[in-house]
Amino acid sequence: MVFRKDNQRMISDENKKTDGFAYDNPSLSFSDESLKDVTNAEFQGSRDFILISEQQNKSSPLEKVKECLPWIKKQAASKLTKKTLYKKLPILGWLPNYNKSSAAGDLLAGITVGLMVIPQGLAYSGIAGLPTQYGLYGSFLGAIVYIFFGSCKDVPMGPTAISALLTFQAIKGLGAEHAILLCFFTGVVQFLMGIFGLGFLIDFISGPVSSGFTSAVALIILTSQVKDILGIKAAGSVFTEIWSNIFADIHNTNVWDTVLGISCIAVLLIMRIVGQLKVGSSTEPKKIHQIINKFVWVFSTARNAIIVVVCAFIGYSFYLNGDSPLTLIGKVPAGLPSIQAPPFGYTKIVNGTEETVTFMEMVSNLGTGIIVTPLIGLLETIAICKAFANGKAVDATQELIAIGLANIASSFVQAFPGSGALARSAVNNSSGVKTPMGGLYTGLLVILALLFFTPFFFYIPKAALAAIIIAAVIFMVEVKVVKPMWRSKKSDLFLGFATFIACLVLPLELGILIGIGLNVLFILYHAARPKISIEKLSTNEGTEYLILTPDRCLIFPSTDYVRNLVTKHSIRQGIPVVIDCSHIYGADYTAATVIGTLTKDFAARNQPLLFFNLKPSVSAVFEGLSPTDFIVYYDHNSLDELLRKRFGKNDGANIV
């Protein structure tokens, strides 16, 4: 033994010998080799002392700031690079290469999407429980802002059916002021999530939960439009509540609205099918066939705008002859919205009395909608990006920044929250969009509609707008995933149905939270019940031993289960036990305590317990509690020698 006086550390010459196949806990007296190689390290202390005067001058705040300036400059230089700038402003990547071909594709796509978003914007306002113009207010500025920060060319920023329904349930009929503030908060939350890199949060919304939520939303939106098809009044935000109110007022059905609404739905579905038809050969089409196919496609894509125009002329003709039997949407304010800050409090007149609604009251009224709406908006946008990414990686963090800034900007023009819409994205992509610049032409078309066509909107029947929504959302019900999910994993189908039912009978934010909660419980259950394979093998010298192989990490939910399983089989067999740790890539303190208890129990029974192929990082966690007889090895051929050396037995079967 060698003593070093300067640091009182004792280094054993025996520790310099290496067996090459095993290491134990270095705190044990019979350990041969430690996990960490300390044989070549010498720790020397110092007998010198530094005397520090208590009368040192204290630095002023300004001097402390000056001391921090070099570090701040260094950090800024490492962050503010060209690569980072191009990542945060994607427009810098494609704008220098923008040409006539790209401009032509973006112009066609932008106008085509604009013809969709104008009637949809008018209709989605009704879903949100707001006057008609607010859907158009959210359809232009956000789309233009997305051009600068968005990373996906196919995303047409604007109001969607889901965001409108979430807005309706969040504001609870309290008026446009709450919807505008929700739009602002949605943007702020999304932007902050992007700044702090929280885009990964959507990974907690699994495919089955997303399918169940989307399908439930589609049915709720469809149900909310039945009242306009029937020309009756039926309030409510929950599926069951809406249907209850519909049946309560169904005796007041307006036959004119019903006939027009059902006819519009049928025509829209037929036009959708016609747009999928192709004339001529698909391999070598003639020029005339290409022209016909393109015309049919444009005719089908613009079906919403065509229905609105035709029905508006019908409504106008009835209105000229007196009171229209159809329910019209009425007057829409002309011109662009005024640019102003979102309302952080407002006054209203109730029964002749002026009441003030404070900012905190508005936030309290919005409740969980401030958190749920941004997450669902991100989920919609990411789904679009992945659908048209062509195998490229999708930057969820950058999309959060983009749609966050778009919503913040939209709140200054009195809009409710928006995001990317899958149906408009599909049209955008098939129209040949080349860059996000297509959003500029869509925004300009909406601005023109607000400036010159709002008087025309007066005559649009509500039944026509309801038909547009119904014909669109019925395809959001994801029936096609049921069969593959059943064949793949039945528990996922249960998860999807549970989310679906929860969203129908409860407010949407509670429904999706229940779905996510159930999903997390499923994950924890699988973590708490790892698969463990058990085999009885023999060493080279014929010693039988039991080898148990867990298939995942050892963390606190699974530790008792693993301990009970190991104890039960070890006592039953009464032979040496080896735990194969090849698949254990992580462990925690609870797992370390259980390993310590296991090794103590095995030592008390004089039964060998060994750990095979344990990762050094995991072993460090286990060794932190200095377990008894903690033996790790990496070569199966050395098992006989370990058993003889540790337990002085040649036949491991006679150990217990």
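I'm trying to understand the selection: among the residues of the stretch 172-195, which are at pLDDT below 90 and surrounded by 24 or more Cβ atoms within 10 Å (Cβ to Cβ)?
Gly194
Output the residues belonging to the stretch 392-447 that are aromatic (Phe, Trp, Tyr) and within 24 Å of Tyr86 (Cα to Cα).
Tyr441
Quick one: is Ile349 under 21 Å from Asp106 (Cβ atoms) and either outside any helix (DSSP H, G or I) or under 17 Å from the mean Cα position of the chain (by Cα) (or both)?
Criteria not met by Ile349.
Which residues, counting only those in the stretch 183-212, are under 29 Å from Trp243 (Cα atoms), aliphatic (A, V, I, L, M) and either touching a Pro at 6+ places or on another chain (Cβ under 8 Å) or not in a helix (DSSP H, G or I) (or both)?
The answer is Ile205, and nothing else.
For the subset of the stretch 323-353 comprising residues that are hydroxyl-bearing (Ser, Thr, Tyr) and surrounded by 15 or more Cβ atoms within 10 Å (Cβ to Cβ), which member is farthest from Ala463 (Cα to Cα)?
Tyr346
Sort out which residues of the stretch 290-328 are touching a Phe, Trp or Tyr at 6+ places or on another chain (Cβ under 8 Å), farther than 15 Å from Leu122 by Cα and not hydroxyl-bearing (Ser, Thr, Tyr), and write them in order of number.
The answer is Phe313, Gly315, Pro325, Leu326.
Have a look at Ile512, Ile501 and point out the one that is buried (at least 18 other Cβ atoms within 10 Å of the Cβ) and among the aliphatic types (A, V, I, L, M).
Ile512
Go through Phe452, Phe412, Phe475, Phe457 for me and flag whichever is in the same structural domain as Ile370 (by TED's automatic domain parsing) and surrounded by 22 or more Cβ atoms within 10 Å (Cβ to Cβ).
The unique qualifying residue is Phe457.
Look at Ile532 and say whether it is closer than 19 Å to Asp635 by Cβ and either surrounded by 18 or more Cβ atoms within 10 Å (Cβ to Cβ) or not assigned by TED's automatic domain parsing to the domain that holds Leu610 (or both).
Criteria not met by Ile532.
If the requirement is being in the same structural domain as Ile403 (by TED's automatic domain parsing), assigned to a loop (DSSP other than H, G, I, E, B), in contact with a helix residue (DSSP H, G or I) (Cβ under 7 Å, 6 or more places away or on another chain) and at negative phi, which of these qualifies: Ser215, Ser125, Ser139?
Testing whether each residue is in the same structural domain as Ile403 (by TED's automatic domain parsing), assigned to a loop (DSSP other than H, G, I, E, B), in contact with a helix residue (DSSP H, G or I) (Cβ under 7 Å, 6 or more places away or on another chain) and at negative phi leaves just Ser139.
Criterion first (in contact with an Asp or Glu (Cβ under 6 Å, 6 or more places away or on another chain), free of Cβ contacts under 8 Å to residues at least 24 places away in the same chain and in the same structural domain as Val117 (by TED's automatic domain parsing)) does Thr356 satisfy it?
Criteria not met by Thr356.
In the stretch 88-114, what residues are in a helix (DSSP H, G or I) and aliphatic (A, V, I, L, M)?
Across the stretch 88-114, the qualifying residues are Ile91, Leu92, Leu95, Ala103, Ala104, Leu107, Leu108, Ala109, Ile111, Val113.
Does the stretch 228-240 contain at least one residue that is within 28 Å of Arg424 (Cα to Cα), assigned to a helix (DSSP H, G or I), free of Cβ contacts under 8 Å to residues at least 60 places away in the same chain and out of contact with any Phe, Trp or Tyr (no Cβ under 8 Å at 6 or more places or on another chain)?
yes
Which one of these does Ala467 not meet: (1) under 22 Å from the mean Cα position of the chain (by Cα); (2) at pLDDT 85 or above?
Looking at each condition in turn, Ala467 falls short on (1).
Pairs only if they're at least six apart or on different chains, beta carbon under 8 angstrom, first in the stretch 596-617 and in the same structural domain as Arg552 (by TED's automatic domain parsing), second among the basic types (Lys, Arg); list them, first residue then second.
Thr597/Arg563; Leu598/Arg563; Pro608/Arg646
Kindly evaluate Ser491 against the criterion of being outside any loop (DSSP other than H, G, I, E, B), surrounded by fewer than 21 Cβ atoms within 10 Å (Cβ to Cβ) and of a type in the set (Ser, Thr, Tyr).
yes
Counting only residues that are out of contact with any helix residue (DSSP H, G or I) (no Cβ under 9 Å at 6 or more places or on another chain) and part of a loop (DSSP other than H, G, I, E, B), how many does the stretch 468-483 have?
Counting residues in the stretch 468-483 that are out of contact with any helix residue (DSSP H, G or I) (no Cβ under 9 Å at 6 or more places or on another chain) and part of a loop (DSSP other than H, G, I, E, B) gives 0.
Going through the stretch 620-633 one residue at a time, which ones are surrounded by fewer than 21 Cβ atoms within 10 Å (Cβ to Cβ) and modelled with pLDDT of 85 or more?
Result: Ala620, Val621.
Given the options Leu614, Leu546, name the one that is out of contact with any Phe, Trp or Tyr (no Cβ under 9 Å at 6 or more places or on another chain) and either under 24 Å from Glu641 (Cα atoms) or among the hydrophobic types (A, V, I, L, M, F, W, C) (or both).
Residue meeting the stated conditions: Leu546.
The values are calculated or read from the model by the stated rules, or taken from the named source; none is laboratory data. Predicted model only: the values in this text are computed from it and were never measured. Note: ideal-geometry Cβ built from the backbone for every residue, glycine included; neighbour counts use all protein chains shown.
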